[in-house]
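See structure below.
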Amino acid sequence: MKNEEITDSYYKKAVEELSEATLMDKDVWYSHILNLPEHLQVTYTVIIFNQQVFNGGFHQYFFNSYGQFAYLTIDNLRLINAFKAADLLERATNLVNADQISLNEFRRKVFDRDFPKIVDFDDELFDALSALDDEYYALDENLEQLLVDYLSNY
C-alpha cells in the first residue's frame, strides 16, 4: 500500500462518525477527536493541520476553527517525531495566543472566531504567521512518512 492510501484509510476511520451537527458544537467536536483511539486522533490532527497549512497557511488553520486542536496537534506531531513541524505550530500558537489564555478559552475563541487579530487579518500577526508558513513549506521533514511510520504499529 502506498503512503497516501495508508493515511487515507486511517483518516476515513477517524472521520466516519463526524457529522455536520458535531462540527457545529466545539465541545462535542473536540470531545469526539479527544476520545478517538490514539492512532486515529493522531491521524486526524496531523492530516488536518498539514492540509490547512498547505492550503492557506497557519492563518487559515486558526481561522477555520481547526486551531482549537493546536495544543493537541503539537503533542501528536511530537509523538510521530515531527519535531520541526511541532515547533512551528507551537510558535504559531504562541503568536495567536499571545495573552496565554486557558486552553478552554483559547478553543472557544478560535471556534467562535473571537480572535480579532485572526478574523481582521491583523498585518503584524498575518506577516508573522506567513513567515512561519514559509518555514513550514521548506521543512525537510516528511510528515506523511512520519505518520505512516507511526501507524505501522497499528
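Read-outs throughout are calculated quantities, based only on the coordinates presented, and are distinct from any laboratory measurement. The shown structure was predicted, so the numbers you read here are calculated from the model rather than taken from an experiment. Cβ coordinates were reconstructed from backbone atoms using ideal geometry, including for glycine residues, and neighbour counts include every protein chain displayed.
Across the chain, the relative contact order, built from alpha-carbon pairs under 8 Å that are at least six residues apart, equals 28 percent.
For Lys12, a cut-off of 18 angstrom between C-alpha atoms picks up these lysines, skipping any fewer than 8 places away in its own chain: Lys2.
Coupling constants for region 122-136 follow from the phi torsions by the Karplus curve (6.51 cos²θ - 1.76 cosθ + 1.60, θ = phi - 60°), and in residue order they are 3, 4, 5, 5, 4, 5, 5, 5, 4, 5, 5, 4, 4, 5, 5 Hz; glycine and proline get x.
What GluC sites (Glu not before Pro) in region 1-84 are in a loop by DSSP, with at most 16 other Cβ atoms within 10 Å of the Cβ?
Listed in order of number, the matching sites are Glu16, Glu17.
Here the chain was treated as a single set of alpha-carbon atoms; its pair distances binned every 10 Å from 0 give 11, 42, 35, 11, 0 percent.
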